[in-house]
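Some notes on the structure that comes next.
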Amino acid sequence: MTACPFHARHEADAQAVDADAPIADAPAIDAPLAPLLDPALRMRPPDEPLPPPLRAEGGPLAEAFSRWLRQRDDAAHAPEKAVLSRALLALSDDDVRAHARRQAAIAARGGWSHWHWAVPASTVASLLGLPMDELAAQRRLHGQLRAMAAGLGAQATGEAVRAGGEAVATLLGALDDAEHRAPDAPLQWTLLRHAAPSRWTDRAAFTANRLALIWQSHEAGAALLGHALLGDSWMDGAPTREALLRLAREGGAVRMTRRFDVRQQPSAPVTVPLAGTDHPFGDGAHRCPGQGLALGTSLASLQWLAEQSGLRPPTAVAPLALPNMDIPQFKDEELFP
């Protein structure tokens, strides 16, 4: 999964394509986003590659975090980001649409409080070949991702980091199993073809960033989809991709990102606004590679909703407020009264 439905939580503190073809330059950047192009602004302070709770506890969650492209500015970042981006570009829109619609239908059995949380991450997991064929699988995945979120919190306890690490280990094992059991699952296939383990520093980096695609879709994906549900306009027809992008620009996903200025000692945090700009998915070296997947998932799931008759509109309650975004929450009501 920059501020995007693939890079959310640690912003506040993360057709066939020719594998060797160059990636087109991004459009001109907004002035407020200029810091994202400054090479002296890094994702982590040089003397603190891990947040304190992860550094103190270690384990699978810390190991995955240290390998996520979102948190790195090392020499291997650019080539590894390039192959990951090409793999995501190779993903068929039709496959994204089919998997998102199926996950939307399954999630509808869990009520509104489950639906917008489940669809984004479950869609990515399904595209990677994880068996997401029932509500229980969605709920299990959601629980694992919430455990990771707790372990990644700025004030996480050792117990939370360990629980998050257990979730990471379980998901990494499930992804390895899916690689052998379902190598032709759409996203698994594009990764193995365009971003195979041999193109990474080591296999651990490949597996950590494969997991990151699910993790990074979790909170910011729920934010984008949840904000789209806040109005009733979707009941008269799904929004367009352009309308979803406009919603993200207006703060309906991640509103800000953070960097550290290494020219200062100690490295000084720099906040960069994304809401209100033309680049809500960021820019520069850490521009979100999953923008198309995020928008495609939300669009397809909202289209599925718009086709259903007799839906009970969701009732909003207080949002989950994170430092870099608000995630809408809804009452635990059934979609179909």
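The values are calculated or read from the model by the stated rules, or taken from the named source; none is laboratory data. This is a predicted model, so every value here is computed, not measured. Note that each Cβ is placed from the backbone with ideal geometry, even for glycine, and that neighbours are counted across all protein chains shown. Quick note on the areas: whole protein, heavy atoms, side chains included, nothing else; ligands and nucleic acids left out. Shrake-Rupley method; radii C 1.70, N 1.55, O 1.52, S 1.80 Å.
Here are the numbers:
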| quantity | calculated |
| --- | --- |
| Checklist (1) more than 17 Å from the chain's Cα centre (by Cα); (2) modelled with pLDDT under 95; (3) surrounded by 15 or more Cβ atoms within 10 Å (Cβ to Cβ) applied to A253, failing item | (1) |
| Matching residues, the stretch 164-178, being touching a helix residue (DSSP H, G or I) at 6+ places or on another chain (Cβ under 8 Å) and open to solvent by 20 Å² or more (accessible area, probe 1.4 Å) | E166, A169, T170, L172, D176 |
| Residue within the stretch 179-193 that is open to solvent by less than 40 Å² (accessible area, probe 1.4 Å), closer than 23 Å to D74 by Cα and of a type in the set (G, A, S) present | no |
| Complete set of residues in the stretch 261-274 that are touching a Leu at 6+ places or on another chain (Cβ under 7 Å) and surrounded by 18 or more Cβ atoms within 10 Å (Cβ to Cβ) | V272 |
| Yes/no for A156 being open to solvent by 10 Å² or more (accessible area, probe 1.4 Å), outside any helix (DSSP H, G or I) and among the small types (G, A, S) | yes |
| Test result for R210, surrounded by fewer than 16 Cβ atoms within 10 Å (Cβ to Cβ) and in a helix (DSSP H, G or I) | no |
| Residues located in the stretch 28-65, provided they are open to solvent by less than 60 Å² (accessible area, probe 1.4 Å) and small (G, A, S) | A34, A40, G58, G59, A62, A64 |
| Looking only at the stretch 101-132, and only at residues there that are buried (at least 24 other Cβ atoms within 10 Å of the Cβ) and not in a helix (DSSP H, G or I), the one that is farthest from the chain's Cα centre (by Cα) | M132 |
